[in-house]
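All remarks here apply to the structure that follows.
The values are calculated or read from the model by the stated rules, or taken from the named source; none is laboratory data. Owing to the predicted nature of the structure, the values given are computational and were not obtained by experimental measurement. Every residue, glycine among them, receives a Cβ derived from its backbone with ideal geometry; neighbour counts consider all protein chains shown.
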Amino acid sequence: RDHCRNLQWEVESFVPLIALVFFYLQNNTIKTSRYNVFNFLPLNLFEQFQRLANAYFLVLLFLQLIPQISSLAWYTTVIPLMVVLSITAVKDAIDDMVKWLPGPLADILLLSSSEPYSLTYIETAELDGPEITEPGLFLLNFSSGKVTCESPNNKLDKFTGILTYKGKDFTLDHDKLLLRGCIIRNTDWCYGLLVFLFHLGPDTKLMQNCGKSTFKRTHMDHLLNVLVVWIFLFLGSMCFILAIGHGIWENKKGYYFQNYLPWKEYVPSSAVSAILVFWSYFIILNTMVPISLYVSVEIIRLGNSCYINWDRKMFYAPKNSPAQARTTTLNEELGQVKYVFSDKTGTLTQNIMVFNKCSINGMFYGMHAATKKFVLTSVFQETEKVDFSYNKLADPKFSFYDKTLVEAVKKGDRWVHLFFLSLSLCHTVMSEEKVEGKLVYQAQSPDEGALVTAARNFGFVFRYRTSETIAVVEMGETRVYQLLAILDFNNVRKRMSIVGRTPEDRVMLFCKGADTILCQLLHPSCRFLRDVTMEHLDDFAIEGLRTLMVAYRELDNSFFQAWSKKHSEACLSLENREHKMSSVYEEIEKDMMLLGATAIEDKLQDGVPETVATLNKAQIKMWVLTGDKQETAVNIAYACNIFEEEMDGMFIVEGKNNETVLQELRDKMKPESLLESDPVNIYLTSKPQMLRIPEEVPNGNYGLIINGCSLAYALEGNLELELVRTACMCKGVICCRMTPLQKAQVVEMVKRYKKVVTLAIGDGANDVSMIKAAHIGVGISGQEGMQAMLNSDYAFSQFRYLQRLLLVHGRWSYNRMCKFLSYFFYKNFAFTLVHFWYAFFSGFSAQTVYDTWFITFYNLVYTSLPVLGLSLFDQDVNETWSLRFPELYEPGQHNLYFNKKEFVKCLVHGIYSSFILFFIPMGTIYNSVRSDGKEISDYQSFSLIVQTSLLWVVTMQIALETTYWTMISHIFTWGSLGFYFCILFFLYSDGLCLMFPNVFQFLGVARNTLNLPQMWLSIVLSVILCILPVIGYQFLKPLFWPVNVDKIMDRIHLSTKLPLPPPTRTKLKYASCRHSAYAFSHKQGFGALITSGKILRSRVSKKNSFLFKK
Amino acid sequence: MTWSATAPGAHQPDNTAFTQQRLPAWQPLLSASIALPLFFCAGLAFIGLGLGLFYSSNGIKELEYDYTGNPGTGNCSACALADQGRAPPLRCSCAWYFSLPELFPGPVYLYYELTNFYQNNRRYGVSRDDSQLSGLPSALRHPANECAPYQRSATGLPIAPCGAIANSLFNDTFSLWHQRRPGEPYVEVPLDRTGIAWWTDCHVKFRNPPLVNGSLALAFHGTAPPPNWHRPVYELSPDPNNTGFINQDFVVWMRTAALPTFRKLYARIRQGNYSAGLPRGAYLVNITYNYPVRAFGGHKLLVFSNISWMGGKNPFLGIAYLVVGSLCILMGFVMLVVYIRYQDQNDEEE
């Protein structure tokens, strides 16, 4: 009842948090495993029998033990069931052993840290875009206290609570909470209090945001369940027909045959007999529901998962990490993916910003795109890195490839110096210098870090800052600038500036910001320079670089004094402060002189654009769901080919006016979809409960950008349907500013309305929710911890492995699974339905056609290995072709290879085969004798002929299905057939039969029958009759009903004979026309923190003392 | 879970053909150049085989006689009429006269055929005890439950052999007489009643229980014959090697038929003058009519037949091969036409 949480603590001395957490881990490993040594057997058996199929066979076993209806020996069910149960049990046991997860982390209430004011540097990049530092609560000498706080919830940005400490109450807010998944940086120690423990249930805010963890089942699993129900119904109706037949037969014939075969004493009438025989047939025909289906499916999935683990082409050497299939139950779904939801940071990009190019005073520095390509393709890295050895404070990791810029710096070009000076001054970076000469920057955004680092390397080293000064080492000479004001960044301004006083007592304003904004604030005199710079910016944008414009303004001292006054007034005003501030800012940020522009490369992971292009060709739609800003997200979307310049239109959904935007969008993409007469609309109105939105084809390529808050409105209102219809028609969709939960909601939405397979890929804790929500979750094991990976189904290190996972492994798994299922159902139908035909000749007496041992071993021994071989080794085309023709992936998305229609085909094929398999041997033995005059028309010989024909037929059928004959396939397929004959002679041998005459009754049948010409003639006839129509069908099908895939296959087969044409490289297109590529991933409000000096004072004193000592 | 701690390459998967799915493989392709010849070859082969089978089956001579004795169908009607109740009269006999205008080439086999007789009924088929039949003394005294209601006699004695199959043993007997020329007396043709069952059956599968004091009768002491039988199992034949469970008539009967119409070998004619076949002349089969079948609409037939390399007369395989062969060729032509038209279409498209 108590929604609040009370925590009290009493500690003598505090252990550092790390140790605390470590201790916690030691003692609180979460036990997610289900079994121990003692409860394993009963618990596992209990769980297994909860599965419908196993329970069914248990019931069947009991039925078989009733003598009145038992038509099969008990062991025909017991032996397969035992084998199946034990294989599953072994697999469960192994799975279970793996599940000892590493320990939890909790949300931590920060109490104090090593840093001044108990600030703690935290990277919460995982949660909502990169940002650093959160002010902590500072309690230095604490020994006891009490915290009352809210109950666990999923709001990442809210936390309320009260800390009672020494009789005083302190209010707690979310700033003081370290969420699970944060990384503490550059902080020596900190103390904290564990608030929401994962251990106490998934209480942490992040876990609350992660969505429910459900056991994922594939579409195929659901389909199988449906099919098993169908089979049940089919089975029931067959039993019913046969029972009626039995009733009629007993009435007409059996009654009069009682002289030789009297009715049992418990059978008063033919009706009772019919009821009993219904169950007898139920037992006989039980093999329609294949007992080994589920276990075989699991083995196949396991095998195909192993291939993923073993794949060297998905092994990432720099991190020494192979791909991991963490789930072994989803493989074939990998071949059916239609939508990919991708995170941006760390997934598409490396999350590394590199200062790549710049334009200073109309001069272009850095390699041109063309030269760069040339360099890459010809002699690799011919151009040397620029040598920064003249600068002792340079960052050795920084590299730049244009010497002219260094020469310009060395020459003392005034503009270049000013440019770098502005970069080293205008920022909110903090520096740290624990060892003399080794600077470490704490940047709020990686962009800013990259810029300051660039300035540092070119000789304008930002060394330290206080609340009032910034020290810069300019070409080896330390100069201290007075910091007069920071005009902070915000989303509307899209720029930041600082005002500083140089040692020469000049007041300067340095500004950097988006080109679109800044170019309007420039002094008219630099119009020409602006045009040149804009051209350069275009070049940058084309390459997908993130750009900023840099400008300065020299201020008149008196002007600044007047402005400063206004500024402090605005700062102190209580009403409408923000607005007042920004208008004050605007007064000073004008008539600026343009210095140049910077271009930062948000480094994509290797091969991302190519991968996206390949996935596009495979008709996989790619959505980017990111917590990052719209501008950066769009930038990346262009860089990775998700958006293209040739797109017919791009729409941005912002604010609450979604509906009109969506309407407008649809009007453009597919005008008829708004009419009531549109078939989709009719479909949707006629089925209000909404099952599935059909695929709609727009009239061009469109892109959609939607941000988090608009999405929230869309999801809350009734716009979901509209949104899905619109978004799914777009080529690419970017959702930005998303919370983790929203990411999951988007995935759920598409899952719900489109009923297609979705895949989510991400690397951070903020992606966990969507990874869990999607049908398949893929974790990138990157820099952002293990959260995503631990919750994923598949994990690897590079985004580009996704194409291999889907197009190669997924496609193979899907094709193999489909082949397996088709064949598996077929072989069981062909096997079982023979009994049905025999019923008409055996008085519907539930007589089996086969020897009971054949029934026992058929699924388990005789036919299991070939089909496993097929579904573990078969490849219709090799990996090169799979990747080269992504179109081959399409049939999986529409589930063309195994669906209800295919199942019916299997059924019909099975019925046909069983018909042949019964009537050909029957015709052969009818009133027939051997060449020595002795009979062969006895029941046991007939059984032998039928079962041998059956085995030949199913073996030939699988031989026909196999397209990739490895040695193992040969051994499995032909070995199984040979093994059948070995077992046959063993089971029918004198010794065994005489030892147990009532169990092994077929003494000598093999010897007497297998040498008969009739028998082999009959087998050949059956095989030909069963196989030739299939060959004919396979031959004619692509001729009569050609599909896209057939044509591609033809091309592949043709080109395997002829020499290979060189592979066409996927052409990479960069944006060809202008779009502002401005990027600023700041959080607002940091400037104030600096000027207030809160962060810095103690450090400054430290530094000062250090200087004094010097 | 972090890999970085270990040596570089430590977790790199093995580079084997198996793990990288690069196993060398043969990839056959169903192309026109394979499918079409396959159909034509299969068709031709089948037609050839079919012709051979058809002619060899046609060359076999068969002589059938239905002696069920339905009213007006011959002189077994009297016996059949007497058999109106369930228990047939003892030793009612009738005869079948026929004449052969020419030699019936040998070796000739005499079969009896039953129709509408469901030896393949499940309850019938399981009603036996193979342990007992393999001569196991304990099973002799304690027949299996499957034999019920022919497990124990009314007096409680174990029935040997137990079960419905044994109880329904076919017990008509036949003797064949030959009259060379009209007016001459009929001479009995020797019928070989041994060698009619599978060797494995009468030598391995079926065995008499161990003799007691050298006597088979004593071995069966304390058992009752099946209710339909007129004599105990050890008196089935005077020949000690052909009596008891290994009596060949019995063994043949116990190998139950797969279909409700079946033939069972009664005797081989291969001795004396008749080894080359049945010479021309008049013949008489003397039938001891014991076995009632009319109650359930069954028929009893007598069949003389000779055999070829592939067994007795059965036109099925020959006809089936001919039909399937023709279908293959027909199908081959259809496929050829479709293939050529498709090729043309493709060329046009290009």
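Figures for the structure shown
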{"read-out": "Verdict on A:Pro866 being within 25 Å of the chain's Cα centre (by Cα) and in a helix (DSSP H, G or I)", "value": "no"}
{"read-out": "When residues of segment A:803-852 are limited to those that are charged (D, E, K, R) and closer than 24 Å to A:Tyr988 by Cβ, the one nearest to the other protein chains (Cβ to nearest Cβ)", "value": "A:Asp851"}
{"read-out": "Listing of strands (runs of 3 or more DSSP E) fully contained in segment B:240-350 that carry 1 or more residues being more than 8 Å from chain A (Cβ to nearest Cβ), out of contact with any helix residue (DSSP H, G or I) (no Cβ under 9 Å at 6 or more places or on another chain) and closer than 30 Å to B:Ile34 by Cβ", "value": "none"}
{"read-out": "For A:Gly245: the one exception among (1) more than 27 Å from A:Trp853 (Cβ to Cβ); (2) away from chain B (no Cβ under 14 Å); (3) at pLDDT 90 or above", "value": "(2)"}
{"read-out": "Meets criteria (touching a residue at least 40 places away in the same chain (Cβ under 8 Å) and within 14 Å of another protein chain (Cβ to nearest Cβ)) for A:Gln336", "value": "no"}
{"read-out": "Qualifying position, being touching a strand residue (DSSP E or B) at 6+ places or on another chain (Cβ under 7 Å) and either outside any helix (DSSP H, G or I) or acidic (Asp, Glu) (or both), among B:Leu29, B:Leu23", "value": "B:Leu23"}
{"read-out": "First in segment A:938-959 and closer than 20 Å to B:Trp26 by Cα and touching a residue at least 12 places away in the same chain (Cβ under 8 Å), second anywhere and assigned to a helix (DSSP H, G or I) and of a type in the set (Val, Ile, Thr), Cβ under 8 Å, 6 or more apart", "value": "A:Thr955/A:Thr973; A:Met956/A:Val1023; A:Met956/A:Ile1027; A:Gln957/A:Ile1027; A:Gln957/A:Val1030; A:Ile958/A:Val867; A:Ile958/A:Thr973; A:Ala959/A:Thr973"}
{"read-out": "Residue in segment B:209-228 that is facing chain A (nearest Cβ under 10 Å) and farther than 17 Å from B:Val252 by Cα present", "value": "yes"}
{"read-out": "Some residue of segment A:284-296 being surrounded by fewer than 22 Cβ atoms within 10 Å (Cβ to Cβ) and within 14 Å of another protein chain (Cβ to nearest Cβ)", "value": "no"}
{"read-out": "Hits in segment A:542-601 (condition: free of Cβ contacts under 8 Å to residues at least 24 places away in the same chain and either among the β-branched types (Val, Ile, Thr) or in a strand (DSSP E or B) (or both))", "value": "A:Val584"}
{"read-out": "Boolean, A:Met956 is surrounded by fewer than 22 Cβ atoms within 10 Å (Cβ to Cβ), under 30 Å from B:Gly50 (Cα atoms), within 8 Å of chain B (Cβ to nearest Cβ) and modelled with pLDDT of 90 or more", "value": "no"}
{"read-out": "Matching residues, segment B:191-206, being over 23 Å from B:Ser175 (Cβ atoms), facing another protein chain (nearest Cβ under 8 Å) and part of a loop (DSSP other than H, G, I, E, B)", "value": "B:Trp198"}
{"read-out": "Residue within segment A:873-893 that is free of Cβ contacts under 8 Å to residues at least 12 places away in the same chain, surrounded by fewer than 20 Cβ atoms within 10 Å (Cβ to Cβ) and part of a helix (DSSP H, G or I) present", "value": "yes"}
{"read-out": "Filter result (within 14 Å of B:Leu327 (Cβ to Cβ) and within 10 Å of chain B (Cβ to nearest Cβ)) within segment A:1018-1054", "value": "A:Leu1021, A:Ile1024, A:Leu1025, A:Ile1027, A:Leu1028, A:Pro1029, A:Ile1031, A:Gly1032"}
{"read-out": "In segment A:297-328, the residues that are closer than 16 Å to A:Gly779 by Cα and more than 14 Å from chain B (Cβ to nearest Cβ)", "value": "A:Thr327, A:Thr328"}
{"read-out": "Qualifying residue in segment A:819-842 (condition: assigned to a loop (DSSP other than H, G, I, E, B), more than 25 Å from the chain's Cα centre (by Cα) and free of Cβ contacts under 8 Å to residues at least 24 places away in the same chain)", "value": "yes"}
{"read-out": "1 or more residues at pLDDT 75 or above and farther than 30 Å from B:Ala144 by Cβ: qualifying helices (runs of 4 or more DSSP H) within segment A:1-77", "value": "A:40-50, A:52-65"}
{"read-out": "Residue tally, condition within 14 Å of chain B (Cβ to nearest Cβ) and hydrophobic (A, V, I, L, M, F, W, C), over segment A:866-907", "value": "6"}
{"read-out": "Some residue of segment A:974-988 being facing chain B (nearest Cβ under 10 Å) and closer than 30 Å to B:Ile307 by Cα", "value": "yes"}
{"read-out": "Qualifying positions in segment A:85-105 - among the aliphatic types (A, V, I, L, M) and modelled with pLDDT of 75 or more", "value": "A:Leu85, A:Ile87, A:Ala89, A:Val90, A:Ala93, A:Ile94"}
{"read-out": "Residue within segment B:239-248 that is touching a Pro at 6+ places or on another chain (Cβ under 7 Å) and over 26 Å from B:Asn121 (Cβ atoms) present", "value": "no"}
{"read-out": "So A:Asp938, is it over 54 Å from the mean Cα position of the chain (by Cα), of a type in the set (Asp, Glu) and either surrounded by fewer than 17 Cβ atoms within 10 Å (Cβ to Cβ) or more than 9 Å from every other protein chain (Cβ to nearest Cβ) (or both)", "value": "no"}
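One line per residue, one yes/no per condition, for (1) surrounded by 15 or more Cβ atoms within 10 Å (Cβ to Cβ); (2) assigned to a helix (DSSP H, G or I):
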residue	(1), (2)
B:Pro182	no, no
B:Glu188	no, no
B:Pro209	yes, no
B:Ala217	yes, yes
B:His221	no, no
B:Pro227	no, no
B:Arg231	no, no
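One line per residue, one yes/no per condition, for (1) more than 21 Å from B:Leu302 (Cα to Cα); (2) more than 13 Å from every other protein chain (Cβ to nearest Cβ):
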| position | (1), (2) |
| --- | --- |
| B:Thr73 | no, yes |
| B:Phe98 | no, yes |
| B:Pro107 | no, no |
| B:Tyr111 | no, no |
| B:Tyr118 | no, no |
| B:Arg123 | yes, no |
| B:Arg128 | yes, no |
| B:Leu140 | yes, no |
| B:Arg152 | yes, yes |
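Matching residues to (1) touching a Pro at 6+ places or on another chain (Cβ under 9 Å); (2) surrounded by fewer than 23 Cβ atoms within 10 Å (Cβ to Cβ); (3) over 15 Å from A:Thr955 (Cα atoms):
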position: A:Val808; (1), (2), (3): no, no, yes
position: A:Phe820; (1), (2), (3): no, no, no
position: A:Leu833; (1), (2), (3): no, no, yes
position: A:Tyr838; (1), (2), (3): no, no, yes
position: A:Gly843; (1), (2), (3): yes, no, yes
